[in-house]
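To start, the structure itself, in structure tokens.
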Amino acid sequence: MSDVLLEVTGARCEIPTARGDVIALGGVDLTVRRGEIVGLVGESGSGKSTLAKLIVGAKAPGARISGRVVLDGEDLESVKPETARGIRGRRIGIVFQDPMMALNPVVPIGRQITEAAVHNRGITREQARAEAVELLSQVGIPDAASRLRHYPHQFSGGLRQRVTIAMALACDPDLLIADEATTALDVTVQRQILDLLSRLALERSLAMIMVSHDLSVIAGRTHTTAVMYGGIIVESGPTAAVFDAPQHPYTKALLEAIPRIDAPPHSRLTAIPGNPPDLSRLGTGCPFAARCANAQPDCLPVVPPVTHPVADRTLRCYHPVDSFADARKAP
Amino acid sequence: MTVLQRERARVSNIRPRSHTLHRLRSIGGRALHLVAVLVLVTLAGTALTDLMPGSPASIILGPTASDEAIAALNAEYGYDQPLLLRYLQWLGNAITGDLGVSIQSNQPVVEVLLQRLPVTLELTVLALLLSLAIAIPAAVYAASRENSMFDRIVSGLASGFMSVPVFVIGVLLVYVLGVATRWFPVAGWAPLSSGLAENLHFVFVPVLALALGEFPAFYRLLRSDVISTLREDFVQTATVRGMPRGYILRRHVLRPSSFSLITVAAVAFGRLLAGSVVVESLFALPGLGSLALQSIPAKDIPMIQGIVVLVAVTYVLINAVVDATYALLDPRMRRI
Amino acid sequence: MRTSRRIAAAALAAAMIAGLSACAPESSSPSASPDGEPVAGGDATIILGIEAVRGLDPAFLFNLTPSGDANRMSAIYDVLFWSDAKTGEVTPQLGESLEPNDDGTEWTLTLNEGITFTDGTPLDAEAVVFNYERIQDPATGSPLAGLLEGASFTVADDTSLTIALPEPNLQFDRVLATSLTHIASPTAIENDADFANNPVGAGPFVLEEWVRDDHMTLVRNEDYFKEGEPYLDSITFTPIKDPTQRINTVSTGQAHAAVPGSELSFKESATGSGLEVTSAPTGGGPLLMFNVENAPFDDVRARKAVQLALDINDLTAVVDPGSSAPESFYAPDSAFFPSESMFVQPDKDAAQELFDELAADGKAVSFAITMPASGFFTRTAEYLQSRLSQFDNVSVTIDTVDNATLDERVFRNRDYQLSAQIVPVGDPEPNFAKLLQTGGQTNYMGYSNPEVDAALESARNSTDEGERGDAYATVEQIIVDEVPVLLVRNQEAYTVHATALNGLTLHGDGSLLYDRLWLAAP
Amino acid sequence: MALLEVTDLVKRFKVAGGTIEASSGVSFTLERGETLALVGESGCGKSTTGRAVLQVPGPDSGSIRLRGEELAGRPPRETKRQRRALQMIFQDARSSLNPRRRVRDLVAEGLIIGGMNRVDAATRVDAMLRSVGLEPDRVGERRASEFSGGQCQRIAIARAMVMQPEILVCDEPVASLDVSVQAQVINLLEDMKQQHGLAMLFISHDLSVVRTISDRVAVMYLGRIVEIGGVEEVYSRPRHPYTRALLDSVPVADPHQPSTGPALAGDLPSPMNPPSGCRFRTRCPMAQEICATAVPELRVMPEGQRSACHFAEQVAA
């Protein structure tokens, strides 16, 4: 059995709109190993959610998608759509940003948790219910058995997200995707959910993709980090390495733009000039070039290719940060 | 994006606690509402007949009647009294269940209404059920295959039927199902007492005419609601969890998409109840519509008021049913 | 003096029920029922236009149209005498004879012997007098009271009585045969307050069940005075408002006969559907009436101008396809039908001249057409507006009103300029007279001409057909010259029926005689 | 005398089934040139309090004094002048700007309504646009709908600042902005404060942002201030268990610094019937019996901040 669980290669996604094609993904490779927690970070429009949805087989209406998704050695593009849907439903779980929206308001949560297990794994309703009770207690919902009958609106925001996590786990998947799973939550609840996800990943040997706009969320909880900008992964590598020694100018600038809770008051933030790119008006070259302090004329004609400056790391930049000289020290 | 959504989540968390009091208040409020509606519409019914030309007496006695005879008859029925006094007298009797006697036919109004109601009720209920039975599967299927050939054909048909008045539909159906094929009778009515098959045989074409008139509105509404539900996150969640399309449509999409359909269907029910005049007269059905059609020009005031009361009460009842249905369909509406 | 306002009511009812009209080419002649020996038995369904909403009281024979009450009353009460719908000729039925004295002031009515109402009460002279005195009684409020105003009755014996009229009238038999011909059981009238809803007569059929707006079932009167009649076991009357649907029910076999209403275009669609049409072309018909008491039609030139401006052939073809334009006020079969039409030909130049002349006098022709909201009348109004607006110095508006308003404004207050009514003229007496004589009951025009009054009077008091003919020709010529009314379509009473239904006889304004109806064995 | 003095501010809302006291006796002061942050999780009443200060809508009871002059409960007509000294910007700048109007008109609106002639207003508007980093000749004639979220927030800031306010109330001004743009707006607000001697009431749920921009901070929980004091003091030595838990929950963008301390358990209780005594007691790891019966008062702590906790002295450092 290979160490690699998921391999995405050359993923592209173009969405036709009235203003022209939006290139939501411009050729992305991503590898997730068994048990690995990958952070996928980027600002709005970076393509991180599109990538997550592409992996689970969801797409915007009319979107044109290409690239290969190989899950545990099986190429999901080469099998029938129904088969691929079944494999995905069974082996990948996904948790969305807003639990209120991700849960059907008029169906009891018990049914929502069990339906996929009944359908994908062919177990009986009773078995599925028993499992659901177990799952709900695992994700920290007290009195789980009696709450199966309840509807989403009868739960608080934090509990609701726990319910969607239980749903995602109902088929005992190998990969869990948390797409901005804590963004809509208060900071104390976010902490609870992040702790829960970390614990579940460990206990169940889950591989996990944590998608977030917030570097802080990714920092302490992932093995590897991929930074996205303008529809491509600009930099990836072991989380500590990426944070300590960012090589892409965007990663570095992003880290400096974050207000730090341990900085003295009124310390000036290093802002990135300009605005995130308009994906329908992307130029030919590096999408970050217009805002980049290191940009040179050669950044513009062609998107930088993927390079491997050191083992385990990828970079798409012609003029990387001299990261080793500039390395930040751990406190 | 963040705070706004959190705010929404928080608001939806807040549930009322004092349910009994709330429910009592809402029942009391509804009863009060019913009374107010009834008073207003029956008063308007009385006043409207005042505004129409001619008097009941001149219509009863015919064009040859002398002015004295008309005055005498008006006095006998109390039509020389001021509007308010006349209304109060009527109201007093109505409270005891006496809606008076028809000026036209001399029959007790309550008796006539009870005789007519089953016909119209059957017509309305069946028409509504049939139109929903056509609209719901068609709308769900079309919405799930937006812009497909099926969608375009059915949506075109719906627009077509919407722009054709119901009497034209009726005439067409009569020709096709009655005159040309002789499958169904072209007019008339068989009460349930003459057998269900016979009854349905007579009622089918009028019901179909009404249903074809009603289904476009249902179809279009449900189709667009289903399309927007299909864009909801929870549908996407179910899809990526590997649930089959049909299951998702049945289990996850239909119910949350049907709230406005229920409201519109209820309004349609009320409208059909008093408004199937065209179909009732085309098919010669002894229902409330044809009764109203006779009573209004004849200035049969007791009958008009009786119809108004009946329709108003039905409207209020329907609203109660709709509320109950909402609670059934949407657990968020339930007062725990 | 109050007679035939009921005609206006008939017009109203006809207007109410007229609806869709199909396009049809030139009308075909009515087909006759196949001859053959009548067969007993069978149940017939007959479709009428409207429900007898106010019950069936002979004193309230309010709606004379065949699609309304007259057909039902003929089945239940039968007729004392009937007037042929085509010729107006009076024939006995329950009655045996009806003879005037020389000057027409006294009429002797003799009944057939041994007739009883279905409740056992004898239909004798007393019963007839009871009915007629009830009509006279102001407390009854009968619309027919005017027909018997000032009359007195003397019972001679069980089966005969004399009717003394306040004024001579040699045509009274025609009045009696159309409007005073239904006699109800005095016992039922006296004992049953709701008698109108439980009618008891001596006719061929007895009321068995009546579900308003649905059906009225009548069964054979086993004690009917004619041996072997009626032939049918039962008759069911069903009211259907939509005229096309009435024909559809017959063409699909759901019913045996239907009375389509006043529009003649349905004849064509009925024969097209393989149905029989029994009809009686009569005189008179739908006519425009000018209010001669108000501007602009108080000036004869204005009426004349409209007459000259209109091409009645064209009007007929447009408004009621399948009907034809009239050539006289009298039916083609009538003895009074003129050898040469007195009706004027359209002359647009002459019409324009008159309109201009009136405008120059400061009397420009500007008027409203007050019409009931029904197909035939509405189309007529629209036709008038479109054709007359082609002329200068004319302006026409249309005022479509409901029947209550029409009754109030036109028939009661005469607050209109141009309107319309339908007056069938089987015989000129009584309908034509009541339309045109000073103060006549349907004279809503306010028209008065002593010459016309005199001619009508002399015709009424004459039994000589030649004398009557001269008088009616005089009347026709004056009406064509002075134009208080303008006839716009021929009139034809008709019933559409399946081939199997035989023995249709049209009386009065077109109702059937029910004793002689029979169904051919299938 | 403080520039702004808010005392015992109460604001209630009717909702289906009852009443919520969103702001439940809140008191604070704001000095000239000072930034006070109201921080807390959703439903704590921070936005309600901020809006009540601007009378949108006004409080149900309590006092709001601007330079000693009472604003609460007085008709808008009488306090027009004072209210111009208070301006506000919102989280969703896009929807607070009419998308069909031109930027110059949007910014000038308050001045024109205030009675300034158009020429003078135009000069002021262009100067202000420049100072928020927008080139008036390039953006002035465009419509608000053509701009991104960050640029809209700049326009909103210009629109508020052109009125020359003494106090700017910022309601989650950067919550919906991307990190890279958020830094621009925070820096801009700091510049405005420096240049114009502005006082700010800064409402936010983000403790990192609050740390960067504020002088003082008030931590709110279920309609009450539980701790208030200088940013340094509160962040380095919190004296309320809720503040402690909040700080522990904030994720840090440093892979070597894992979350510290135990996570706070449970969810926010229903604001319709908050817990008796100390409202935080249902989730507090330190709760004792007294917390259910006695409402803790804000007490001055050795570090200078004030904390409303019976056991403030024992909160872990």
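For region C:256-275, does any single residue satisfy the condition of being more than 27 Å from C:Asp515 (Cα to Cα), free of Cβ contacts under 8 Å to residues at least 60 places away in the same chain, more than 14 Å from chain B (Cβ to nearest Cβ) and open to solvent by 10 Å² or more (accessible area, probe 1.4 Å)?
no
Could you list, in sequence order, all residues of region C:230-245 that are modelled with pLDDT of 90 or more and charged (D, E, K, R)?
The one that is modelled with pLDDT of 90 or more and charged (D, E, K, R): C:Asp233.
Out of region C:40-58, which residues are more than 18 Å from the chain's Cα centre (by Cα), among the hydrophobic types (A, V, I, L, M, F, W, C) and either open to solvent by 20 Å² or more (accessible area, probe 1.4 Å) or over 12 Å from C:His215 (Cβ atoms) (or both)?
Selection gives C:Ala40, C:Ala44, C:Val53.
Restricting attention to region C:230-255, which residues are open to solvent by 30 Å² or more (accessible area, probe 1.4 Å) and touching a Pro at 6+ places or on another chain (Cβ under 7 Å)?
Matches in region C:230-255: C:Tyr231, C:Gln254.
Just one of D:Arg216, D:Arg239 is open to solvent by 30 Å² or more (accessible area, probe 1.4 Å), more than 8 Å from chain A (Cβ to nearest Cβ) and in contact with an Asp or Glu (Cβ under 9 Å, 6 or more places away or on another chain); which is it?
On the way: D:Arg239 fails: open to solvent by 30 Å² or more (accessible area, probe 1.4 Å).
The match here is D:Arg216.
Check whether at least one residue in region B:206-227 is touching a residue at least 60 places away in the same chain (Cβ under 8 Å) and among the hydroxyl-bearing types (Ser, Thr, Tyr), and report yes or no.
Yes: region B:206-227 contains one or more residues that are touching a residue at least 60 places away in the same chain (Cβ under 8 Å) and among the hydroxyl-bearing types (Ser, Thr, Tyr).
Check off (1) surrounded by fewer than 22 Cβ atoms within 10 Å (Cβ to Cβ); (2) at the interface with chain A (Cβ under 10 Å from one of its Cβ atoms) for D:Met272 and give me the number that stays unchecked.
Failing condition for D:Met272: (2).
Identify the single condition in (1) closer than 29 Å to C:Gln93 by Cα; (2) open to solvent by less than 10 Å² (accessible area, probe 1.4 Å) that C:Val488 does not satisfy, given that it satisfies every other one.
(1)
Pull up region B:283-297, narrow it to residues that are polar (S, T, N, Q) and facing another protein chain (nearest Cβ under 8 Å), then point me to the one that is most open to solvent (accessible area, probe 1.4 Å). Lay out the reasoning, then the answer.
Here is the first cut: in region B:283-297, the ones polar (S, T, N, Q) are B:290, B:294-295.
Subset that is facing another protein chain (nearest Cβ under 8 Å): B:290, B:294.
Working: B:Ser290: 3, B:Gln294: 30 Å².
So the residue we want is B:Gln294.
Can you confirm whether region C:469-485 contains a residue that is in a loop (DSSP other than H, G, I, E, B) and open to solvent by 10 Å² or more (accessible area, probe 1.4 Å)? Lay out the reasoning, then the answer.
The first filter runs over region C:469-485 and keeps only residues in a loop (DSSP other than H, G, I, E, B), leaving C:483-484.
With the extra rule that they be open to solvent by 10 Å² or more (accessible area, probe 1.4 Å), the set shrinks to none.
No: zero hits.
Within region A:233-259, track down each residue that is among the aliphatic types (A, V, I, L, M), in contact with a strand residue (DSSP E or B) (Cβ under 8 Å, 6 or more places away or on another chain) and open to solvent by 10 Å² or more (accessible area, probe 1.4 Å).
Once the filter is applied, which keeps residues that are among the aliphatic types (A, V, I, L, M), in contact with a strand residue (DSSP E or B) (Cβ under 8 Å, 6 or more places away or on another chain) and open to solvent by 10 Å² or more (accessible area, probe 1.4 Å), region A:233-259 yields only A:Ile233.
Assuming D:Asp8 fulfils every condition listed in (1) part of a strand (DSSP E or B); (2) open to solvent by less than 70 Å² (accessible area, probe 1.4 Å) apart from one, which condition is it?
D:Asp8 satisfies every listed condition except (2).
Looking at region A:222-229, can you tell me whether even one residue there is within 14 Å of chain D (Cβ to nearest Cβ), open to solvent by less than 10 Å² (accessible area, probe 1.4 Å) and either assigned to a loop (DSSP other than H, G, I, E, B) or of a type in the set (Ser, Thr, Tyr) (or both)?
Filtering region A:222-229 for residues within 14 Å of chain D (Cβ to nearest Cβ) gives A:222-225, A:227-229.
Now restrict to residues that are open to solvent by less than 10 Å² (accessible area, probe 1.4 Å): A:225, A:227-229.
From what is left, the residues that are either assigned to a loop (DSSP other than H, G, I, E, B) or of a type in the set (Ser, Thr, Tyr) (or both) are A:225, A:229.
Checked against the condition, which is being within 14 Å of chain D (Cβ to nearest Cβ), open to solvent by less than 10 Å² (accessible area, probe 1.4 Å) and either assigned to a loop (DSSP other than H, G, I, E, B) or of a type in the set (Ser, Thr, Tyr) (or both), region A:222-229 yields at least one hit.
Testing A:Met208 on (1) within 13 Å of chain D (Cβ to nearest Cβ); (2) assigned to a strand (DSSP E or B), one condition comes back false. Which one is that?
Here A:Met208 meets the rest and fails (1).
One residue is enough: does region C:191-214 have a residue meeting the conditions outside any loop (DSSP other than H, G, I, E, B), within 13 Å of chain B (Cβ to nearest Cβ) and closer than 28 Å to C:Gly375 by Cβ?
Just the residues of region C:191-214 that are outside any loop (DSSP other than H, G, I, E, B), to begin with: C:191, C:195-197, C:205-211.
Next, only the ones that are within 13 Å of chain B (Cβ to nearest Cβ) stay: C:195-197, C:209-211.
Next, only the ones that are closer than 28 Å to C:Gly375 by Cβ stay: none.
So far as region C:191-214 goes, no, none of its residues is outside any loop (DSSP other than H, G, I, E, B), within 13 Å of chain B (Cβ to nearest Cβ) and closer than 28 Å to C:Gly375 by Cβ.
For region C:215-256, enumerate the residues that are touching a His at 6+ places or on another chain (Cβ under 7 Å) and in a loop (DSSP other than H, G, I, E, B).
Matches in region C:215-256: C:His256 only.
Taking into account only those residues within region D:247-269 that are over 20 Å from A:Ser212 (Cβ atoms) and at the interface with another protein chain (Cβ under 7 Å from one of its Cβ atoms), which is modelled with the lowest pLDDT?
Narrowing region D:247-269 to residues over 20 Å from A:Ser212 (Cβ atoms): D:247, D:260-262, D:264-269.
Restricting the remaining residues to those that are at the interface with another protein chain (Cβ under 7 Å from one of its Cβ atoms) gives D:264, D:267.
Numbers: D:Leu264: 85, D:Asp267: 79.
Ranking the candidates gives D:Asp267 first.
Going through A:Gly110, A:Gly57 one at a time, which residue ends up being more than 9 Å from every other protein chain (Cβ to nearest Cβ), free of Cβ contacts under 8 Å to residues at least 60 places away in the same chain and either farther than 20 Å from A:Thr183 by Cβ or surrounded by fewer than 21 Cβ atoms within 10 Å (Cβ to Cβ) (or both)? Walk me through how you get there before you give the answer.
Numbers: A:Gly57 fails: more than 9 Å from every other protein chain (Cβ to nearest Cβ).
Only one candidate qualifies: A:Gly110.
When you go through D:Glu232, D:Glu227 one by one, which is the residue that is on the phi < 0 side of the Ramachandran plot and at the interface with chain A (Cβ under 9 Å from one of its Cβ atoms)?
D:Glu232
Return the residues of region C:344-353 that are more than 35 Å from the chain's Cα centre (by Cα) and surrounded by 17 or more Cβ atoms within 10 Å (Cβ to Cβ); say none if nothing qualifies.
C:Gln352 - this is the single residue of region C:344-353 that is more than 35 Å from the chain's Cα centre (by Cα) and surrounded by 17 or more Cβ atoms within 10 Å (Cβ to Cβ).
From the list D:Ser42, D:Ser23, D:Ser27, which one is touching a helix residue (DSSP H, G or I) at 6+ places or on another chain (Cβ under 7 Å), among the polar types (S, T, N, Q), in a strand (DSSP E or B) and surrounded by 15 or more Cβ atoms within 10 Å (Cβ to Cβ)?
When all the criteria are applied, what remains is D:Ser23.
Just give me the residues in region A:142-176 being within 13 Å of chain B (Cβ to nearest Cβ) and either free of Cβ contacts under 8 Å to residues at least 24 places away in the same chain or assigned to a loop (DSSP other than H, G, I, E, B) (or both), in sequence order.
Of region A:142-176, the ones within 13 Å of chain B (Cβ to nearest Cβ) are A:149-161, A:163-173, A:175-176.
Within region A:142-176, A:Arg149, A:His150, A:Tyr151, A:Gln154, A:Phe155, A:Ser156, A:Leu159, A:Ala170, A:Cys171, A:Asp172, A:Pro173 qualify.
Got a sec? Which of A:Pro246, A:Pro273 is in a loop (DSSP other than H, G, I, E, B) and facing chain D (nearest Cβ under 8 Å)?
Sole residue among the options that is in a loop (DSSP other than H, G, I, E, B) and facing chain D (nearest Cβ under 8 Å): A:Pro273.
For region C:362-374, what are the residues that are open to solvent by 20 Å² or more (accessible area, probe 1.4 Å) and either at pLDDT below 90 or assigned to a helix (DSSP H, G or I) (or both)?
Answer for region C:362-374, where residues must be open to solvent by 20 Å² or more (accessible area, probe 1.4 Å) and either at pLDDT below 90 or assigned to a helix (DSSP H, G or I) (or both): C:Gly362, C:Lys363, C:Ala364, C:Ala373.
How many residues, within region B:149-176, are open to solvent by less than 40 Å² (accessible area, probe 1.4 Å) and within 10 Å of chain C (Cβ to nearest Cβ)?
2
Which ranges mark the helices (runs of 4 or more DSSP H) fully within region A:71-141 that have 1 or more residues being at pLDDT 90 or above, within 25 Å of the chain's Cα centre (by Cα) and of a type outside the set (Ser, Thr, Tyr)?
Fully inside region A:71-141 and qualifying: A:81-91, A:109-121, A:125-138.
So is C:Gly104 of a type outside the set (Ser, Thr, Tyr), buried (at least 18 other Cβ atoms within 10 Å of the Cβ) and either touching a Lys or Arg at 6+ places or on another chain (Cβ under 7 Å) or part of a helix (DSSP H, G or I) (or both) or not?
Details: of a type outside the set (Ser, Thr, Tyr): yes; buried (at least 18 other Cβ atoms within 10 Å of the Cβ): yes; either touching a Lys or Arg at 6+ places or on another chain (Cβ under 7 Å) or part of a helix (DSSP H, G or I) (or both): no.
Here the answer is no, as C:Gly104 does not meet what is asked.
Kindly list, by first and then second residue, each pair from a residue in region B:72-98 that is farther than 17 Å from B:Ile307 by Cα to a residue that is open to solvent by less than 50 Å² (accessible area, probe 1.4 Å) and among the polar types (S, T, N, Q), limited to pairs with Cβ atoms under 7 Å and residues at least 6 apart or on different chains.
Correct list of pairs: B:Asn74/B:Ser55; B:Tyr79/B:Ser55; B:Asp80/B:Asn74; B:Leu83/B:Thr46; B:Arg86/B:Thr46.
The values are calculated or read from the model by the stated rules, or taken from the named source; none is laboratory data. These numbers were taken from a predicted model, which means no experiment stands behind them. Neighbour counts are summed over all protein chains in view; Cβ atoms, including those assigned to glycine, are modelled from backbone coordinates with ideal geometry. Side chains included, ligands, DNA and RNA excluded: accessible areas come from the protein's heavy atoms. Shrake-Rupley method; radii C 1.70, N 1.55, O 1.52, S 1.80 Å.
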